[in-house]
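Here's the structure we're looking at; comments come further down.
Since every read-out is calculated from the coordinates, none of them should be taken as a lab result. The structure presented is a predicted model; accordingly, all values stated were derived computationally and were not measured. Here the Cβ positions follow ideal geometry from the backbone for every residue, glycine too, while neighbour counts run over all protein chains shown.
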């Protein structure tokens, strides 16, 4: 009995260093989101990522071949292939939940890389058609790289822009996630929460 | 019974203390989602709360490294260079708390061995040396010889080096596992008398248990050779700004910082092992060779399985 408990403990101690598998951030992103309405529905969500200077410099050195401080159309296209398209394997770090259910990611549109104050900026949008009725609808957005290679800055409500819509009431908040952690102690990012209803 | 319960709780506490020290400190590098091709690594686990708290600090430190490289280009005074050196050291220390960078291999290696605290210091600095040389070689080769898109080339090169690294880790683990298990069989073999068997076992075991310089270098090579993407990016930035010296300074200090963190993790493993053996000795009235064997075999086994799993996951 003694031997068994001692063995179990010793193995636990030995295994401990291998337990904390997780990826640490190499790339840092400040994130902004804009929501646009059309008539009585949510029509588009635009995302803008501003990268840390180190990753920015590396990508700019690779793709701003003309060294003009901006990307030509051909350079932007090469960048999209070399440093954006692979994100489809990471669902572009985005997950949308309507009424608690995860919805399919719409196709990514209007990808445009740019350079602002020496930093790399990616902008793209996702078309939606979420009807808004008199009953309140809750849209929750998670923006997170679960391999943690990329860390997104903590968001605040001012990072979310809501387009004007005369007939729709919208409240924006940043709330604790409702996605369940898979590991004890796992870092789970906050969610952007939009509550919308027809006036 | 009461006595064994007491010692059990003490050991549990100890195990928890080690868990607190090491949890979240180990793991493997994942590919860059932007510039690699393919999905996330099949073997990966999520970020832990403790590490994520460091993210804002690391973000500003990362920005600062690039900013300082630019300042060095503008004004060639010692000020920005010193600032770059200290920012790089900090970056190395905190960045290495993440996965990769040899923490798993170091801690399991020291569990499997009869190591002294200075061995963890030596290992940390050998890793720093290997890492600095490796990162500089890979970045310079990609920049001057290959001349393609750097970020894509770097991902491919890292993957190759990483596959080699995991393979080497699995081999070292396998070798040590065989050594530990054979050591046990040997002592079980001819057993003329209880006292003599003990001496005999000690004599045999101390030969393979002691840490040799060659082993330390092997461990450092296997774990330090994978270039850190952050360190490599700063070399690249310095190269493209034409301030190569700054790049060498930055990568050297980042590597030293990483080595320091790895040394501390290694020392924690050595102390944890001593603690466990001491606790088991206290409840037994003598160091139990069973407890020692269990810790050592478990250390070697984890090292082997870790290397093997990540090696296979590369394909």
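Once all Cα-Cα distances of region B:98-141 are split into 10 Å bins that start at 0, what whole-number percent is in each one?
Histogramming region B:98-141 at 10 Å steps yields 24, 47, 22, 6 percent.
Apply the a/c threshold of 1.5 to the C-alpha gyration tensor of chain A and tell me whether it is rounded, prolate or oblate.
The shape class here is oblate.
Given R₀ = 56 Å, what would the calculated FRET efficiency be for residue A:98 paired with residue B:210, taking r from the Cβ atoms and rounding to 0.05?
Efficiency for this residue pair is about 0.35.
Going by average Cβ density within 10 Å per residue, which order do the peptides B:55-68, A:118-131 take, highest to lowest?
Averaged packing, sorted descending, gives the order B:55-68, A:118-131.
How many Cβ atoms of partner chains, on average, are near each residue of A:43-55 if near means within 10 Å of its Cβ?
For peptide A:43-55, the averaged partner shielding equals 4.
Starting from the Cα of residue B:83, step 7 Å along the direction of its Cβ; do the same at residue B:133; then give the gap between the two resulting points in nm.
3.4 nm
Tell me, B:81, B:258, B:244 in order of fewest to most beta-carbon neighbours within 10 Å?
B:244, B:81, B:258
By counting other Cβ atoms within 10 Å of each Cβ, how are B:172, A:141, B:181 ranked from fewest to most?
B:181, A:141, B:172
Roughly how many Å is it from the Cα centre of region B:120-159 to that of region A:102-169, as a whole number?
Taking the Cα centre of each part, region B:120-159 and region A:102-169 sit 36 Å apart.
Residues of A:83-92, mean number of Cβ from any other protein chain within 10 Å of their own Cβ, rounded to a whole number?
Mean number of neighbouring Cβ atoms from other chains: 4.
Among A:24, B:95, rank each residue by its count of other Cβ atoms within 10 Å, from fewest to most, as a rough exposure measure.
B:95, A:24
By how many degrees, between 0 and 90 and to the nearest 10, does the Cα long axis of helix A:73-83 differ from the longest principal axis of chain A?
Roughly 20 degrees, rounded to the nearest 10.
When the convex hull of the Cα atoms of region B:56-313 is projected onto a plane and the area is averaged over all directions, what value comes out in nm²?
Directional mean of the projected Cα hull area for region B:56-313 stands at 15.8 nm².
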